[in-house]
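Trainee: Please read through the structure below; I'll follow up with questions.
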Amino acid sequence: MEVVRISSDCISIALDLALEVFMEYEAPVYSQEGIDEFKSFIDANRVNSKLSFYGAYEVAELVGMIAIRDYQHISLFFIKTAYQRKGIGRLIFNRVREDYEKQIFTVNSSPYAVDIYKRLGFMPISAERITNGIKYTPMVLLESERLRLKRYEIDDFKAVYSIFSNPDTMKHYPHAFSKEETINWINRNIKRYDDDGFGLWPVVLKSSGEVIGDCGITMQNINGEMLPEIGYHIHEQYQGMGYASEAARLCIDYAFHSLNIPALYSYMKYTNVPSCRVAEKCGMSLIDEYNGICGFIKLLMFLSMHTTLPVYT
């Protein structure tokens, strides 16, 4: 099995494969409007397509394909029926990943493919939607060299409670979390996924699968104004190893290039020097100081999508 970039003169063959598999597996649960919308997308890409195509070939036969558009969004991903459940989809996707430095990929998954994308490391970022008759679930894969971000689930309670109940980890918060507060934290972020399309995500060490904290984007009331904030919380045991800045930069890239959020903020207690250093390492600058809850002075950091980020080390 060989996986290669598909040349422009073979794109129509790849599109034919996509349409064939779509009609077999997806069309039966779509309205006619959705079917027509998909066919129009296929036809529009037969001439002057701006997608990047990759294909898996068995000898000279194209048996699977994927098409990527700007900012690493998967537009098409189909495997011929006879070659499904043989690891070919993962083989194609891994080949695509070799061509991209940043391991941030988005997709609007069909109902049939949601579990397939989950096995590839993607997570849903909101509930299923319907646009022009097309049913889809927005999903994202967020990975760095050492970390992977995942969707919060109630099953994460044990790992998360060990982090947020730790007095050293929470020394810049009013207090460490109780079990009830930890459950509320998880549920609040699950609700954010559906309400906002983002939230805090558990940070997972790729080497061990261990949850070591969380990081993400939330809407926060900062000095009386609702602003998108980049937040990060890493277990005391893993602090000082660059995990917070590595996860934060992943979320910053996603916010700017996939969510089109023009600017991000971060705020912290003035005594939280490590958090401030993480923000600075991610390219953020101090723009304000104000009195927060309980009279503590808060530092407000800012980063625009037009800022050139420092090289990560």
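Each value in this text was obtained by applying a stated rule to the coordinates, not by laboratory testing. Values in this document were obtained by computation on a predicted structure and should not be read as measured data. Here the Cβ positions follow ideal geometry from the backbone for every residue, glycine too, while neighbour counts run over all protein chains shown.
Trainee: Assuming R0 = 30 Å, can you tell me the calculated FRET efficiency for the pair Lys39 and Arg85, based on Cβ-Cβ distance, to the nearest 0.05?
Mentor: On the way: r = 26 Å, r/R0 = 0.88.
Taking R0 as 30 Å, the efficiency between Lys39 and Arg85 is 0.70.
Trainee: Name the long-range amide H neighbours of His73: under 5 Å, sequence gap of 5 or more, or other chain; modelled H, no Pro or chain starts.
Mentor: Amide H neighbours of His73, under 5 Å, 5+ apart: Thr106.
Trainee: Something else now. Considering only the chain, what is the antiparallel percent among its DSSP beta bridges, to the nearest 5?
Mentor: Working: 62 of 65 bridges.
Approximately 95 percent, going by the DSSP bridge assignments.
Trainee: Could you tell me the calculated FRET efficiency between Asp115 and Glu61, based on Cβ-Cβ distance and R0 = 30 angstrom, to the nearest 0.05?
Mentor: Values: r = 27 Å, r/R0 = 0.89.
My answer for the efficiency is 0.65.
Trainee: Under the Karplus relation 6.51 cos²θ - 1.76 cosθ + 1.60, θ = phi - 60°, what is the ordered set of whole-Hz ³J(HN,Hα) values for segment 98-110, x standing for Gly and Pro?
Mentor: Values, residue by residue: 4, 8, 10, 5, 8, 8, 10, 10, 10, 7, 9, 6, 5 Hz.
Trainee: Another question about this same structure. How large is ³J(HN,Hα) for each residue in segment 69-86, as worked out from phi by the Karplus curve 6.51 cos²θ - 1.76 cosθ + 1.60 (θ = phi - 60°), to whole Hz, x for Gly and Pro?
Mentor: Going residue by residue, I get 10, 3, 6, 6, 9, 7, 8, 9, 7, 9, 10, 4, 3, 5, 10, 6, 6, 10 Hz, with x marking Gly and Pro.
Trainee: Residues with amide H under 5 Å of Lys206's amide H, sequence separation 5 or more or different chain, H placed in the peptide plane at 1.01 Å from N; which?
Mentor: Residues meeting the amide H criterion: Leu147, Arg148.
Trainee: Right, next: Any number yet on Rg/Rh for segment 114-230, C-alpha, Kirkwood?
Mentor: Numbers: Rg = 15.5 Å, Rh = 15.5 Å.
With Rh from the inverse mean 1/r over Cα pairs, Rg/Rh is 1.00.
Trainee: What relative contact order, as a whole-number percentage, does segment 2-143 give when Cα pairs under 8 Å and 6 or more residues apart are counted?
Mentor: Values: 221 pairs, mean separation 35.4, N = 142.
It rounds to 25 percent for segment 2-143.
Trainee: Same structure, new question: Which of Phe41, Pro124, His73 sits farthest toward the positive end of the charge dipole of segment 2-143, with +1 on the Cβ of Lys and Arg and -1 on the Cβ of Asp and Glu?
Mentor: About the Cα centre, the residue reaching furthest to the positive side is Pro124.
Trainee: Apply the Debye scattering formula to segment 153-221, with a single equal point scatterer on each alpha-carbon and no solvent, then give log10 I(q)/I(0) at q = 0.14, 0.16 Å⁻¹.
Mentor: The Debye formula, applied to the Cα set alone, gives -0.43, -0.57.
Trainee: Quick test of the membrane-span-like rule: which DSSP H helices of the chain reach at least 24 Å along their long axis (C-alpha atoms) with mean Kyte hydropathy at least 1.0?
Mentor: Values: long enough: 179-196 (25 Å, -1.90).
Answer set is empty.
Trainee: How big is the convex hull of the Cα atoms of the chain, per residue, in Å³? Don't jump to the answer; show the numbers that get you there.
Mentor: Values: hull volume 46.5 nm³, N = 313.
Here the figure is 149 Å³ per residue.
Trainee: With an 8 Å Cα cut-off and a minimum separation of 6 or more residues, compute the relative contact order for segment 197-253 in percent.
Mentor: Working: 83 pairs, mean separation 16.0, N = 57.
Value for segment 197-253: 28 percent.
Trainee: Of the trypsin sites (Lys or Arg not before Pro) in segment 1-69, which ones lie in a loop per DSSP and count no more than 11 other C-beta atoms within 10 Å? Please list the in-between numbers first.
Mentor: Details: sites: Arg5, Lys39, Arg46, Lys50, Arg69; in loops: Arg46, Lys50.
For trypsin sites (Lys or Arg not before Pro) across segment 1-69 that sit outside H, G, I, E and B with at most 11 neighbouring Cβ atoms in 10 Å, the list reads Arg46, Lys50.
Trainee: Using the Karplus curve 6.51 cos²θ - 1.76 cosθ + 1.60 with θ = phi - 60°, what ³J(HN,Hα) values do you get for each residue of segment 147-156, in whole Hz, with x for Gly and Pro?
Mentor: After applying 6.51 cos²θ - 1.76 cosθ + 1.60, I find 10, 9, 9, 10, 7, 5, 9, 4, 5, 7 Hz.
Trainee: Now for a separate question. So for segment 11-116, what percent of the C-alpha to C-alpha distances run longer than 25 Å? The partial results should precede the final answer.
Mentor: Details: 897 of 5565 pairs.
In whole percent, the long-distance tail amounts to 16.
Trainee: Show the residues, 5+ positions off or on another chain, whose built amide H is closer than 5 Å to the amide H of Thr169.
Mentor: HN-HN under 5 Å from Thr169: Glu236.
Trainee: In addition: Excluding residues on the same chain fewer than 8 positions from Lys269, give the lysines whose Cα lies under 21 Å from its Cα.
Mentor: Lys171, Lys281, Lys298
Trainee: Any of Lys102/Lys135; Lys135/Lys191; Lys39/Lys150 with alpha carbons more than 31 Å apart? Name them for me. All intermediate terms of the calculation are to be shown ahead of the outcome.
Mentor: Numbers: Lys102/Lys135 28 Å; Lys135/Lys191 21 Å; Lys39/Lys150 33 Å.
From Lys102/Lys135; Lys135/Lys191; Lys39/Lys150, over 31 Å: Lys39/Lys150.
Trainee: Right, another one. Decide, for segment 147-304, between rounded, prolate and oblate: order the square roots of the alpha carbon gyration tensor eigenvalues as a ≥ b ≥ c, take rounded if a/c falls under 1.5, and otherwise choose prolate if a/b is larger than b/c, else oblate. Don't jump to the answer; show the numbers that get you there.
Mentor: On the way: a/c = 1.35, a/b = 1.18, b/c = 1.15.
Rounded is the answer for segment 147-304, as its axis ratio a/c remains below 1.5.
Trainee: What percent do you get for the relative contact order of the chain when only Cα pairs under 8 Å and 6+ apart count?
Mentor: Details: 531 pairs, mean separation 34.7, N = 313.
Here the relative contact order equals 11 percent.
Trainee: Grab the other residues whose beta carbon is less than 11 angstrom from that of Val160, score K and R as +1, D and E as -1, and report the net. Each step should come with its number before you reach the end.
Mentor: Working: positive: Lys158, Lys179; negative: Glu153, Asp155, Asp156, Glu181, Asp214.
With Lys, Arg at +1 and Asp, Glu at -1, the net is -3.
Trainee: Oh, and also: Any idea how far the Cα center of segment 11-66 sits from the one of segment 232-308, in Å?
Mentor: 41 Å
Trainee: I need the trypsin sites (Lys or Arg not before Pro) found in segment 134-233, filtered to DSSP loop residues with at most 14 other beta carbons within 10 Å of theirs. Present the calculation step by step, with values, prior to reporting the outcome.
Mentor: Details: sites: Lys135, Arg146, Arg148, Lys150, Arg151, Lys158, Lys171, Lys179, Arg188, Lys191, Arg192, Lys206; in loops: Arg146, Lys150, Arg151, Lys171, Lys206.
Passing both the DSSP loop test and the Cβ count: Lys171, Lys206.
Trainee: A further question follows. If you place +1 on the Cβ of every Lys and Arg, -1 on the Cβ of every Asp and Glu, and leave all else neutral, what size is the dipole of segment 2-143 about its Cα centre, to the nearest 20 Debye?
Mentor: On the way: 16 positive and 19 negative charges, 81 e Å.
The dipole magnitude comes to about 380 debye.
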